[in-house]
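Chemist: Got a structure for you, questions after.
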Amino acid sequence: MDKEIKLAGWVHRKRHHGGVIFIDLRDREGIVQVVVEEKTNPEAYEVADRLKPEYVIGVIGKVRKRPEGTENPKLKTGYVEVVADKILVFNTSEPLPFPVEEETPVSEETKLKYRYIDLRRESMKNNLIFRHKVYQITRNFFTNEGFIEIETPFLTKSTPEGARDFIVPSRLHPGKFYALPQSPQLFKQILMVAGFDKYFQIVKCFRDEDLRADRQPEFTQIDYEMSFVSEEDVMDVAERLVATLFKELLGIELKTPFERISYTEAMERYGTDKPDRRFGLELLELTEIFKNTAFKVFRSVVEAGGIIKAINFKGSNLSRKEIDEITKFVQSLGAKGLAWIKVEKDKLTSPILKFFSEEEKQKLLEKVKAEPGDVILFSADKKEMVYKILGNLRLHLGKKYNLIDESRWDIFWVVDFPLMEWDEEENRFVSLHHPFTMPREEDIPKLKQALEIEDLEEKKKLVHSVKARAYDLVLNGEEIGGGSIRIHRRDIQEVVFKLLGIGEVEAQEKFGFLLEALKYGAPPHGGLAFGLDRLVAIMLGLDSIRDVIAFPKTQRGICPLTNAPDYVEPKQLKELHIKVVE
RNA sequence: GGAGCGGUAGUUCAGCCCGGUCAGAACGCCGGCCUGUCAAGCCGGAGGUCGCGGGUUCAAAUCCCGUCCGCUCCGCCA
């Protein structure tokens, strides 16, 4: 108190009363009120009079207690103020395109174009500081656990499988390209072969796919890998890291070990492998009840091997208008329509009721535990379609009708994934996780056996029964991490490649270095990667990861700040041996 | 590749259905007044290619077609 201090920052607001001027001076730490009186300091008053919002100034003055009755409890510094002796203007500012205070929202494009102003906003600033703390806690955690942080290259090799690569032309090698890594997957496995039995990295990854609220073309992973471990060891590290972050940053004690549910259970009950379990509306299985129904739509689905499931939206009393809206929603997902039954006090209302027998009605109502006010929403289609439609519908209803318990942190593992699934479009098996995932020990013979089978349906059946030693971590209905025990034996890796339709020549060309490495004493190993952006966003209760990334891209992959991507000079193209066609 | 929502003043929005006193509000900005405010207050003022292009019409922010941009979702994202 009463000591002379020097401050610097931005003019957040100015309140001019004629004779006395108040300036809210803002820096990274917060806001403090500077006061200038004409009577006692005409020189500083003169300067203050000309200040405008966002001018960058220095203030030399004395801190004092505010006069009684003028304190502002809304400010951390609201009980003191700085009496300016001298005010220096370091820089002026034109009127801002949008205000730093956050009362009015601003469109995403404007925010990103003037990101340096957006980042002056309290919430954005806090998000980035929070993210910084996540980095620090993560690094400390892994260091204390004996992990070594090692950087892996960004200029690397394009590999098949997975997402589309961003590619970088090579000047020194005409016609050749580097690819930006989709993840450090292969490098961290090779680090295991190298004997760094505990590795971690906070690292950028790049995937050239369409964007979403939770997807950016470049994003950050917390990546780690360990040797001589089982699933339990890898999951234990993940649980302790997440628990540490929650405790230190949010003061929340998460119960460990986290719950586990199987992939099959997740799909059957929620229609997705990353369910939001903070509300009900679970999927109910009805195929058996309707397998001989007179209702043609249902019966033909069952006959074609499809399934019938429903959601009972309990007590919703949906109106026709609401049901129409829901119908539109499921149609946008590819449903042909929506069958529904409204349960009223003494009757059922539904356009499809007349097709059902008494027995079917009885069994149905029993199965869905129908009560007056309920509305039953059906989906009958191929299994994948039913899961997609009802899984998305469930989420849609949960959000729209505010069923989600936002106070809950629901974190759990999804395990027992199938190793591969059949891809209709590509007409081959594809990895659910990635091609380096270890199958369950007892399933390895099945893979070898499957290679011999000619009949496709039979082959599918066998392959689908093979489970992966993989695990996904789900938080509030979002996948925040995933990993697996990897294949460390060359013979198993070769079988997997073969089943995936990656021929020996291609395997050698694309992954030869990995197969080679597996020959020279590769230890058993496994790991996991967290989506750091998603984790931070969820912890902060934000819907979009753009709000935890300093300079994100728009949905079309554009950076409005720099206007990237952009054309380059013909000279640059020439050096890179690139010709642009069209 | 597909579906939905949006684009009007510096910002956030209303107006659009039903074409014609519909170029509007708030905040911000500019000028003035004001000695205890803190989203200060009061008085006055300036500010628009209604995203862009085409069409319908006597007349288009408003209706139609196309297109661009932003957002959300499906596909895609091992």
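The values are calculated or read from the model by the stated rules, or taken from the named source; none is laboratory data. Bear in mind that the values here come from a model prediction, so they are computed numbers and not experimental data. Glycine gets a Cβ as well: all are built from the backbone with ideal geometry, and neighbour counts include every protein chain shown. Note: accessible area is taken over every heavy atom of the protein model, side chains too, but ligands, DNA and RNA are not part of it. Shrake-Rupley method; radii C 1.70, N 1.55, O 1.52, S 1.80 Å.
Chemist: If we sort A:565-572, A:168-175 on the protection proxy, mean other Cβ atoms within 10 Å, highest first, what's the order?
Modeler: A:168-175, A:565-572
Chemist: What translational diffusion coefficient, in µm²/s and rounded to a whole number, does the Stokes-Einstein relation yield for the stretch A:247-392 at 25 °C and a viscosity of 0.890 mPa s, taking the hydrodynamic radius as the Kirkwood radius over Cα pairs?
Modeler: Translational diffusion coefficient: 149 µm²/s.
Chemist: For the peptides A:221-230, A:125-134, A:271-280, A:446-455, what is the packing order when you average, over each peptide's residues, the other Cβ atoms within 10 Å and list the highest mean first?
Modeler: Per-residue mean Cβ counts within 10 Å order the peptides as A:221-230, A:271-280, A:125-134, A:446-455.
Chemist: Follow-up. At a Förster distance of 30 Å, what's the computed FRET efficiency of A:Ser262 paired with A:Ile492, Cβ-Cβ distance as r, to 0.05? Please report the intermediate quantities before stating the final value.
Modeler: Details: r = 23 Å, r/R0 = 0.77.
Efficiency at R0 = 30 Å is approximately 0.85.
Chemist: Give me the number: length gained by fully extending A:His577 to A:Glu46, i.e. 0.36 nm times residue separation minus the C-alpha to C-alpha distance, one decimal in nm.
Modeler: Working it through step by step, the gained length comes to 185.0 nm.
Chemist: Then there's this: Once R0 is set to 45 Å, what does the formula 1/(1 + (r/R0)^6) return for the Cβ-Cβ distance between A:Val20 and A:Glu478, expressed as a FRET efficiency to the nearest 0.05?
Modeler: According to the calculation, E is roughly 0.30.
Chemist: Can you tell which of A:Tyr45, A:Leu518, A:Leu500 lies farthest toward the positive end of the dipole of chain A, using +1 and -1 charges on the Cβ of basic and acidic side chains (Lys, Arg; Asp, Glu)?
Modeler: In chain A, that residue is A:Tyr45.
Chemist: Output wanted: per-residue J couplings in Hz (rounded whole) for the stretch A:254-259, from phi through Karplus 6.51 cos²θ - 1.76 cosθ + 1.60, θ = phi - 60°, x for Gly and Pro.
Modeler: Computed from phi, the couplings for the stretch A:254-259 are 8, 6, 10, x, 5, 4 Hz.
Chemist: Report relative contact order for the stretch A:248-317 in percent, whole number only (criteria: Cα-Cα under 8 Å, sequence separation at least 6). Before the final figure, lay out the partial values.
Modeler: Numbers: 50 pairs, mean separation 17.3, N = 70.
Relative CO of the stretch A:248-317 lands at 25 percent.
Chemist: On to the next question. Please sort by residue number the chymotrypsin sites (Phe, Trp or Tyr not before Pro) in the stretch A:466-522 whose DSSP state is loop and whose Cβ has at most 13 other Cβ atoms within 10 Å. Write down the numbers at each step before the final one.
Modeler: Working: sites: A:Tyr471, A:Phe497, A:Phe511, A:Phe513, A:Tyr520; in loops: A:Tyr520.
When the chymotrypsin sites (Phe, Trp or Tyr not before Pro) of the stretch A:466-522 are filtered for loop state and at most 13 Cβ neighbours within 10 Å, A:Tyr520 remain.
Chemist: If you don't mind, another one. Filter A:Lys314/A:Lys345; A:Lys314/A:Lys400; A:Lys336/A:Lys382; A:Lys188/A:Lys255 down to the pairs with a C-alpha to C-alpha distance above 18 Å, please.
Modeler: A:Lys188/A:Lys255
Chemist: A further question on this structure: Could you tell me the extents of chain A's C-alpha atoms along the three principal axes, largest first, rounded to whole Å?
Modeler: 94, 74, 55
Chemist: Rolling a 1.4 Å sphere over the protein heavy atoms, what is the accessible area per residue of chain A, to the nearest Å²?
Modeler: Working: 30690 Å² over 582 residues.
That works out to 53 Å² per residue.
Chemist: Please report the spacing between the Cα centers of the stretch A:475-499 and the stretch A:2-37 in Å, no decimals.
Modeler: Answer, in whole Å: 57.
Chemist: Once you place label points 7 Å from the Cα toward the Cβ at A:Leu561 and A:Lys62, how far apart are they in nm?
Modeler: Going by the 7 Å Cα→Cβ label model, 4.2 nm.
Chemist: What does the stretch A:318-449 give for Rg and for Dmax, in Å, if only its C-alpha atoms count?
Modeler: Just the Cα atoms of the stretch A:318-449 yield Rg and Dmax of 20.0, 59 Å.
Chemist: Per the Debye formula with a single identical scatterer at each Cα and no solvent contribution, what log10 I(q)/I(0) holds for the stretch A:47-105 at q = 0.26 Å⁻¹?
Modeler: -1.05
Chemist: Right, next: Need one word for the stretch A:212-292: rounded, prolate or oblate. Basis is the Cα gyration tensor (sqrt eigenvalues a ≥ b ≥ c); a/c below 1.5 gives rounded, then a/b vs b/c decides.
Modeler: Cα axes put the stretch A:212-292 in the prolate bin.
Chemist: I'd like the carbon and sulfur percentage of the solvent accessible area for the stretch A:290-340, probe radius 1.4 Å, heavy atoms only, ligands and nucleic acids excluded.
Modeler: 52
Chemist: So, in Å, what gap is there between the alpha-carbon centers of the stretch A:388-445 and the stretch A:105-122?
Modeler: When both Cα centres are located, 35 Å separates them.
Chemist: Pop a pseudo-label 7 angstrom from the Cα along the beta-carbon direction at both A:Phe551 and A:Arg212 and give the gap in nm to one decimal.
Modeler: 2.7
Chemist: Report the calculated FRET efficiency for A:Leu128 and A:Gln508 (r = Cβ-Cβ distance, R0 = 45 Å), to the nearest 0.05.
Modeler: 0.50
Chemist: May I pose another question? What are the ³J(HN,Hα) values, in whole Hz, obtained from phi via the Karplus relation 6.51 cos²θ - 1.76 cosθ + 1.60 with θ = phi - 60°, for each residue of the stretch A:533-539 in sequence order, with x given for Gly and Pro?
Modeler: 4, 5, 4, 5, 4, 5, 4
Chemist: How much of the accessible area of the stretch A:506-582, in percent, comes from carbon and sulfur atoms when a 1.4 Å probe is used?
Modeler: Carbon and sulfur atoms account for 54 percent of the accessible area of the stretch A:506-582.
Chemist: Taking H placed 1.01 Å from N in the peptide plane, check which residues at least 5 places from A:Ile352 or on another chain put their amide H under 5 Å from its amide H.
Modeler: Under 5 Å from the amide H of A:Ile352: A:Trp340.
Chemist: Turning to a different aspect of this structure: For A:Asn144 and A:Val568, compute 0.36 nm times the residue count separating them, minus their Cα-Cα distance, and round to one decimal in nm.
Modeler: Result: 148.0 nm gained on full extension.
Chemist: Pop out the ³J(HN,Hα) list for the stretch A:88-100 in order, Karplus 6.51 cos²θ - 1.76 cosθ + 1.60 with θ = phi - 60°, rounded to Hz; leave Gly and Pro as x.
Modeler: Once rounded to whole Hz, the list reads 10, 9, 7, 6, 9, 8, 6, x, 6, x, 8, x, 6.
Chemist: Rounded to the nearest 500, what is chain A's calculated 222 nm mean residue ellipticity when only DSSP H runs of at least 4 contribute -39500 (n - 2.57) each, over all residues?
Modeler: -9500 deg cm²/dmol
Chemist: Would you please give the residues with an amide H less than 5 Å from that of A:Tyr178, counting only those at least 5 places away or on a separate chain, with H modeled from the backbone geometry?
Modeler: Correct list: A:Val168, A:Ser170.
Chemist: If you put +1 on each Lys and Arg Cβ and -1 on each Asp and Glu Cβ, how big is the dipole of chain A around its Cα centre, in Debye rounded to 20? Mind showing how you got there, number by number?
Modeler: Details: 90 positive and 98 negative charges, 208 e Å.
Roughly 1000 debye for chain A.
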